[in-house]
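Comments concern the structure below.
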Amino acid sequence: MIKKDINQNDILYSEFLNIIDYNYIFNNEPIKRMKTKPLLEYTLNRLENLKEQIQEIKNCNLKKNASKIVFADGNVKSQIMIIGEGPGQKEDELGKPFMGDAGNLLNKMLKAINIEREKIYITNVVNYRPPNNRKPETSEINRYSEFLKEHISIIDPKILILMGSTAMEAILGSNKKISIERGQWKEVIIKQKIYETIVTFHPAYLLRKPDQKKYSWEDLKIIRQKIDDKKILI
Ligand code: URA
């Protein structure tokens with residue numbers, strides 16, 4: 001009789017067969033290889049953790065002066081994510097982004113390209129209202145952009161819309177000019193993933209400079225075209 005050599009791999013394999021569950025082998029469900037989005041519950045947990053981290057921020061002038069956190073609004077499963085600058089007075093009162101005049105204009109802008117605001121996901125670079133509605137400082141933008149990048153990676157949108165110079169600075173860097181960068185798709189890497197990103201004017205800027213709305217409309221049409229081309233679900 002020939003004695004078969006049993007090597008280390010054979011031993012490991014027979015141990016493996018003893019410990020695995022037969023359901024694993026005979027399972028007729030296709031294996032999901034992260035092509036679908038993570039479960040909603042998982043996403044909600046990650047968002048809750050992120051919100052808690054932001055609430056625990058120390059030595060932050062924004063937090064000290066604000067009445068509450070303004071985290072986000074909209075559909076967490078959306079494939080479209082909009083990023084503004086930071087909460088104003090109305091947002092600080094209500095705890096939701098884009099609730100005042102700029103928010104009303106944003107809603108109209110979205111409607112003009114057939115998007116209901118509730119169907120998409122909206123947040124800001126900074127989550128606490130800057131005193132007297134001042135623009136967040138670069139150090140604040142840098143500090144909050146770590147949270148923002150985590151936020152983007154949790155929502156994992158197909159397209160990212162950066163509204164205004166603060167959002168552009170947080171994601172693309174400070175040496176860019178909005179009038180040059182706007183209206184073009186860029187591939188931006190955030191936490192090792194590529195996001196198709198576009199910069200456009202902030203609605204608050206358009207309220208101050210209505211003559212710029214024509215450029216904003218060009219950008220909105222470009223965004224709509226991308227949604228249709230990529231068959232993005234709304
Ligand atoms: N402007 C912003 O950038 N965000 C808001 O939430 C409101 C106004």
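The values are calculated or read from the model by the stated rules, or taken from the named source; none is laboratory data. Note that the coordinates shown come from a computational prediction; the quantities given were computed from them, not determined experimentally. Note that we place each Cβ from the backbone using ideal geometry, even for glycine, and neighbour counts take in every protein chain shown. Note: areas computed on protein heavy atoms with side chains; ligands, DNA, RNA excluded. Shrake-Rupley method; radii C 1.70, N 1.55, O 1.52, S 1.80 Å.
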Considering only C-alpha atoms, what is the centroid distance from segment 154-232 to segment 52-104, in Å?
19
Using a 1.4 angstrom probe on the protein heavy atoms only, could you order 56, 140, 187, 48 from most to least accessible area?
187, 56, 48, 140
From the square roots a ≥ b ≥ c of the eigenvalues of the alpha-carbon gyration tensor of segment 128-195, which class results: rounded (a/c under 1.5), prolate (a/b over b/c), or oblate?
oblate
Portion, in percent, of the accessible area of segment 75-234 that falls on carbon or sulfur, probe 1.4 Å:
47
Which order do 99, 81 take by accessible area at a 1.4 Å probe, largest first?
99, 81
Label-point separation (nm) for residue 137 and residue 53, each offset 7 Å from Cα along Cα-to-Cβ?
2.4
Accessible surface, 1.4 Å probe, highest first, among residues 224, 143, 208
208, 143, 224
Using label points projected 7 Å from each Cα along Cα→Cβ, tell me how many nm separate residue 221 and residue 186, to one decimal.
2.4
Contour minus Cα-Cα span, residue 93 to residue 153, at 0.36 nm per residue, comes to 18.8 nm
Probe 1.4 Å, protein heavy atoms only - accessible area per residue of segment 40-229 in square angstrom
49
Taking 7 Å along the Cα-to-C-beta vector as the label spot, tell me the residue 119-residue 101 distance in nanometres, rounded to one decimal.
2.9
Taking a probe of 1.4 angstrom, what is the accessible area of residue 93 in Å², to the nearest 10?
100
Would you work out if segment 40-229 is rounded, prolate or oblate? Take a ≥ b ≥ c from the square roots of the eigenvalues of the alpha-carbon gyration tensor; rounded if a/c is under 1.5, else prolate when a/b is larger than b/c, oblate otherwise.
rounded
Quick one: how many lysine pairs in segment 106-180 have C-alpha atoms under 17 angstrom apart, if they're 8 or more apart or on different chains?
6
For a paramagnetic label modelled at 7 Å from the Cα of residue 64 toward its Cβ, which residues of segment 103-139 fall within the zone defined by backbone nitrogen distances under 19 Å?
126-139
